[in-house]
Amino acid sequence: LLSVSCLGDCQLHTSCGIQKCTTDFVSFTSHLNAALEDFDLEFCKALRAYSVCTYRNSKVCRGNLVYHSAVLGIGDLMTQRNCTKDGPTSSTNPEMTHDPCNYSHHTEAREHQGGEKTLPPTYLFCGLFGDPHLRTFKDHFQTCKVEGAWPLIDNNYLSVQVTNVPVVPGSSATATNKITVIFKSYQDCTDQKVYQAVTDDLPAAFVDGTTSGGDGNTRSLHIVEKVSGKYIEMHARYIGTTVYIRQLGHYLTLAIRMPQELVMAYEESQDLQLCVNGCPSSERIDQSGHLPLPVVGKLLPWGSAAPPRSGYTLETATTKCHEKMLVKDIYFYSCVFDLLTTGDANFTAAAHSALQDVEALHPSKEHWHIFPRSGGGGVGRDSKYFVSLELLCLILVAYL
């Protein structure tokens, strides 16, 4: 009787197609990245395809616990992701799912045509904020002067230029007050689109007044306004690229995520890209990522209790930055550096939002935080950070 029962059960499991439904769902979603703007759209399409597949197998799978668990799980996921029951579904034919204006489908198409398994695309992150602090695509962290207009990115698909202006009279401290982004024309996905933001003018449209590129139905390139006049996002699905631009105080910040193969698609004449190669050594303020503690103005006499011109002491700047950032990584130290340099509390929010952008866009969680090396009289995880103001004033003045 046990053998007959097992045979019947095995036959039931064999005829039930739930395993194929599940395998297809995994293949539809394995390449998706939750940090990308079209994640929910593609995930819902995969869920609907999963649901259709289970419905087709409802009769032969009616006694299968795995099948019933899958049905319940699909319902829960559709509720969590606000997926509608009606709508497009993922296709089991790779040729049909290929969308030339969706970068995440490019590697799938190449894999299908070549017949070989390809690795998922590698994404890189670059960010600029504060006084100004640069995190390159190589995860190198630098603090630079770079006054005037400088190219952050300049490749065959995208150009980003920033303009930095002096923050404090009599010093070399600068911050970003203008950002220009050029999405270059690409096949049938988009015409060339130019976006420009300046202090107190952070539009939710390109300079031609449009909010998208290419076919409006495919949304291969579009702008999303998150906070009016303060925070916008640009999503370029055709090149797998996301750009965040914010205004905090009087200055702008930028964060970008882009596929490595596209980042590296540039000519020799385009080699001056801060996000790729960092700042020129003549423009660097830090020493190998190590920030000197700035004192703007003349050195204070030994024993003087007067605070620096910024209005912040090392202790009060540390306390202010610690309100927003609990981890004493390079973003925390950049915040302290900027407060001591400028006295502008908005730089605290800039450092905090820059770290939030890293967490949203950077592909590797283990690399979100960067800790500077100790030594050289600056700030670092292992440096003797809580020094007296008198000792601080004896440190070489960075901006004189």
* Asked: Can you name the residue in the stretch 166-178 that is at pLDDT 95 or above and open to solvent by 20 Å² or more (accessible area, probe 1.4 Å) and, of all such residues, is nearest to Tyr238 (Cα to Cα)?
  -> Lys178
* Quick one: how many residues across the stretch 334-374 are among the aromatic types (Phe, Trp, Tyr), in a helix (DSSP H, G or I) and out of contact with any Gly (no Cβ under 7 Å at 6 or more places or on another chain)? -> 1
* Filtering the stretch 319-339 down to residues that are without any contact (Cβ under 8 Å) to a residue 60 or more places away in the chain and charged (D, E, K, R), which residue is surrounded by the fewest Cβ atoms within 10 Å (Cβ to Cβ)? -> Glu323
* Structure fact -> Expected single match for over 20 Å from Tyr157 (Cα atoms) and either assigned to a helix (DSSP H, G or I) or modelled with pLDDT of 95 or more (or both) among Ala204, Ala255, Ala197 is Ala204
* Structure fact -> In the stretch 172-194, anything in a loop (DSSP other than H, G, I, E, B) and more than 18 Å from Ala350 (Cβ to Cβ) is listed as Ser172, Lys184, Ser185, Gln187, Asp188, Cys189, Asp191, Gln192
* **Any chance Lys59 is at pLDDT below 85, under 35 Å from the mean Cα position of the chain (by Cα) and assigned to a loop (DSSP other than H, G, I, E, B)** => no
* Output yes when any residue across the stretch 299-307 is at pLDDT below 85 and at positive phi, and no when none is. => yes
* To do: Take Arg219 and decide whether it is under 16 Å from the mean Cα position of the chain (by Cα) and of a type in the set (Lys, Arg).
  => no
* Asked: How about the stretch 1-50: which of its residues are among the polar types (S, T, N, Q) and at pLDDT 75 or above?
  -> Gln19, Thr22, Thr23, Ser27, Thr29, Ser30, Asn33
* Just a yes or no: is a residue in the stretch 102-116 more than 21 Å from Ala236 (Cα to Cα), in a helix (DSSP H, G or I) and either at pLDDT 85 or above or touching an Asp or Glu at 6+ places or on another chain (Cβ under 8 Å) (or both)? -> yes
* **Condition check for Asp131: at negative phi, modelled with pLDDT of 95 or more and acidic (Asp, Glu)** => no
* State whether one or more residues within the stretch 186-208 are more than 23 Å from the chain's Cα centre (by Cα) and of a type in the set (Gly, Ala, Ser). => no
* Asked: Does Val243 fit the bill of being modelled with pLDDT of 95 or more, assigned by the TED database to the domain that holds Ile153 and not in a loop (DSSP other than H, G, I, E, B)?
  -> yes
* Structure fact -> Within the stretch 265-284, the residues that are open to solvent by 30 Å² or more (accessible area, probe 1.4 Å) and either over 21 Å from Ala255 (Cβ atoms) or in contact with a strand residue (DSSP E or B) (Cβ under 9 Å, 6 or more places away or on another chain) (or both) are Tyr266, Glu267, Glu268, Ser269, Asp271, Leu272, Pro280, Ser281, Ser282, Glu283, Arg284
* To do: Specify the residue that is farthest from Ser282 (Cα to Cα); the eligible residues are those in the stretch 143-165 that are open to solvent by less than 30 Å² (accessible area, probe 1.4 Å) and touching an Asp or Glu at 6+ places or on another chain (Cβ under 6 Å).
  => Asn164
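The values are calculated or read from the model by the stated rules, or taken from the named source; none is laboratory data. If you're wondering where the values come from, they're calculated on a predicted model, not measured in any experiment. Cβ coordinates were reconstructed from backbone atoms using ideal geometry, including for glycine residues, and neighbour counts include every protein chain displayed. These area figures cover heavy atoms from the full protein model, side chains too; ligands, DNA and RNA do not enter into them. Shrake-Rupley method; radii C 1.70, N 1.55, O 1.52, S 1.80 Å.
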